[in-house]
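What follows is a short report on a single structure.
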Amino acid sequence: MQKDALALLADALALSVDALALSVDALALSVDALALSVDALALSVDTLALSVDTLALSVDTLALQGIAKFNSLRINKMLHLVCLRESH
């Protein structure tokens, strides 16, 4: 009877060790999943930063186009005035 009780305790201890090992494995998988989530978040932040940079470049491009158009109109006006002076 004592041998049976000891055998049952040994089996229970072995099962507890197995359960602990499974818990450690599950914890390791959770840590890996958390690391992947952090990496995904970092990529999302990088993507957002690139989108902001793209928007800023678009605004700069529009501003430069406006300046170029304004300068073109001024040049055309000056050429027109020069042509008028030369014709008189």
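What does the helix-only formula give at 222 nm for the chain: each DSSP H stretch with n ≥ 4 adding -39500 (n - 2.57), the total divided by the residues, and the result rounded to the nearest 500 deg cm²/dmol? Display every interim value, and only then the final one.
Details: 1 runs with 86 residues, N = 88.
Calculated at 222 nm, the ellipticity per residue is -37500 deg cm²/dmol.
Stretched out fully, how many nm does the piece from Phe70 to Asp18 gain, at 0.36 nm a residue minus the Cα gap? Write out the running numbers ahead of the final one.
Values: separation 52, 0.36 × 52 = 18.72 nm, distance 7.78 nm.
Difference between extended and current length: 10.9 nm.
Report, to one decimal in Å, the Kirkwood hydrodynamic radius for the chain based on all distinct Cα pairs. Kindly include the intermediate steps, with their values, before the conclusion.
Values: mean 1/r = 0.0485 Å⁻¹.
Kirkwood radius, the chain: 20.6 Å.
Taking 7 Å along the Cα-to-C-beta vector as the label spot, tell me the Asp25-Asp4 distance in nanometres, rounded to one decimal.
3.3 nm
Could you tell me the center-to-center distance, by alpha carbons, between the stretch 13-32 and the stretch 61-80 in angstrom?
That distance is 71 Å.
Work out the length of the dipole vector of the chain about its Cα centre, built from +1 on the beta-carbon of each Lys and Arg and -1 on the beta-carbon of each Asp and Glu, and round it to the nearest 20 debye.
On the way: 5 positive and 10 negative charges, 239 e Å.
So the magnitude is around 1140 debye.
When the chain is fully extended, how far beyond the present Cα-Cα distance does Ser58 get from Val38, taking 0.36 nm per residue of separation? Can you show the working numbers first?
Working: separation 20, 0.36 × 20 = 7.20 nm, distance 3.02 nm.
Length gained between Ser58 and Val38: 4.2 nm.
Leaving out ligands, DNA and RNA, what percent of the accessible area of the chain is carbon and sulfur, probe 1.4 Å? Kindly include the intermediate steps, with their values, before the conclusion.
Details: 5810 of 8010 Å².
Reported share for carbon and sulfur atoms: 72 percent.
To the nearest 10 degrees, how steeply does helix 2-87 sit against the main Cα axis of the chain, on a 0 to 90 scale?
Between helix and principal axis, roughly 0 degrees.
The values are calculated or read from the model by the stated rules, or taken from the named source; none is laboratory data. Model, not experiment: these values are computed from the prediction. When we count neighbours, we look across all protein chains shown, and the Cβ atoms used for this are built from the backbone with ideal geometry, even at glycine. Note: areas computed on protein heavy atoms with side chains; ligands, DNA, RNA excluded. Shrake-Rupley method; radii C 1.70, N 1.55, O 1.52, S 1.80 Å.
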